[in-house]
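The values are calculated or read from the model by the stated rules, or taken from the named source; none is laboratory data. All values derive from a computational prediction rather than experimental measurement. Counting neighbours? That spans all protein chains shown, and the Cβs are built from the backbone with ideal geometry, glycine included. Each accessible area value is taken on the protein alone, full model and side chains, heavy atoms only, with ligands, DNA and RNA left out. Shrake-Rupley method; radii C 1.70, N 1.55, O 1.52, S 1.80 Å.
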Amino acid sequence: MAWRSSGTSNESLVANLARNGLITDNRVKEAMMKVDRAHYAPSSAYEDSPQPIGHRATISAPHMHASACETLLPHLTPGARVLDVGSGSGYLTAVLANLVGPSGTVIGIDHIQPLVDMAAHNMAKSEEGRKMLDSGQVKFVKGDGRKGWPEAAPYDAIHVGAAAAEHHQALADQLKAPGRMFVPVEEGHMQHIYVVDKKEDGSVEKKKLYGVQYVPLTDAPPE
Ligand code: SAH
C-alpha cells in the first residue's frame with residue numbers, strides 16, 4: 001500500500017489512508033490528523049512505510065498504526081486505560097491518547113532508555129503533547145514489555161508494537177474483561193497479527209488476522 005497512501009503532509013497522508021480504505025473510522029482519522037508524524041519519524045515522515053529511529057527500532061508504517069487503532073477501537077472509549085508495548089518513537093502512544101481523551105491513560109513501555117526519552121521528547125514538540133505528559137494522561141516507562149506494566153493494569157486495550165515469540169500470559173492477564181490486545185506473534189519464519197479478546201466472563205479468544213513484518217520483542221540489549 002506504500003505507493004498509494006503516501007502524502008506530502010500529515011493531512012494528505014491521513015486523507016490518503018482514509019481514501020484507500022485503510023482508515024474507515026472518523027475517530028481514528030481525527031486522532032491521526034492531530035499527531036504530526038514528522039515529530040516522530042526522523043525521515044520520510046509522510047510516506048506510508050516504516051522508518052528507522054535508531055537502536056534497531058523502526059516507527060511502524062502509518063497503515064499498520066491505522067489498523068491497530070481500528071482493531072482496538074471498540075475498547076478505546078473516552079477514559080479507557082491503554083498499554084502500548086514497544087512504544088519506540090511514541091507516535092502510536094500519542095494517537096491512542098487522542099482516542100481515549102483527557103480522562104483516559106496511556107502507558108508507553110520500551111526496554112531501551114534512550115527510546116523512552118525520545119518518545120517523551122517527540123511528544124513534547126506539540127503543545128497538546130506537553131499537556132498530555134504534564135497531566136499524566138501519557139506516561140513513558142522503561143521495562144520488559146513482555147511482562148506488561150502491572151502498576152497501571154488492568155487495561156481496556158493493549159497494543160504490542162514488536163513481534164512476540166509466543167503469546168505472553170502476563171499481557172493477557174493484564175487485560176480487563178472485556179478487553180482487547182493487538183499483537184504480532186512469530187510463527188516459524190512468519191509473523192501474524194493476532195487479536196486477543198478477553199470476554200466479560202474472563203474467557204480468552206485469539207483470532208489470527210494477517211501476515212506482517214515487525215522487529216522482534218527481545219531481551220534488552222546490554223547497556
Ligand atoms: N510502536 C513503535 C514501534 C517501535 S519498534 C513505533 O511505531 O514507533 C519496536 C519497539 O519495541 C522498539 O522500540 C524496541 O526497543 C521495543 N522492544 C523490543 N523488545 C522489547 C521488550 N521486551 N520490552 C519493551 N520494548 C521492547
Discussion item. Suppose we filter GLY211, GLY188 for residues that are exposed (fewer than 12 other Cβ atoms within 10 Å of the Cβ), small (Gly, Ala, Ser) and in contact with a strand residue (DSSP E or B) (Cβ under 6 Å, 6 or more places away or on another chain); which single one remains?
Written reply: GLY211
Discussion item. Going through TYR155, TYR194 one at a time, which residue ends up being out of contact with any helix residue (DSSP H, G or I) (no Cβ under 9 Å at 6 or more places or on another chain) and either closer than 25 Å to VAL95 by Cα or polar (S, T, N, Q) (or both)?
Written reply: TYR194
Worksheet, complete the sentence: Counting only strands (runs of 3 or more DSSP E) entirely within the range 70-158, those with at least 1 residues that are crowded, with 17+ Cβ neighbours inside 10 Å and away from the ligand (no atom under 15 Å from the Cβ) are 81-85, 105-110
Response to the item:
By residue number, the members of the range 54-69 that are open to solvent by 10 Å² or more (accessible area, probe 1.4 Å) and either of a type in the set (Asp, Glu) or in contact with a Gly (Cβ under 7 Å, 6 or more places away or on another chain) (or both) are ALA57, SER60
Worksheet item: Is there any pair with a first residue in the range 64-75 that is among the acidic types (Asp, Glu) and a second that is surrounded by 24 or more Cβ atoms within 10 Å (Cβ to Cβ) whose Cβ atoms are under 6 Å apart and which are 6 or more apart or on different chains, and what are they?
Response: GLU70/VAL28
Item to complete: Hey, could you check the range 36-53 for residues that are in a strand (DSSP E or B) and not hydrophobic (A, V, I, L, M, F, W, C) and say which is least open to solvent (accessible area, probe 1.4 Å)?
Response: GLN51
Worksheet item: Of the residues that make up the range 172-190, is at least one in a loop (DSSP other than H, G, I, E, B), closer than 19 Å to LEU72 by Cβ and within 16 Å of the ligand (Cβ to nearest atom)?
Response: yes
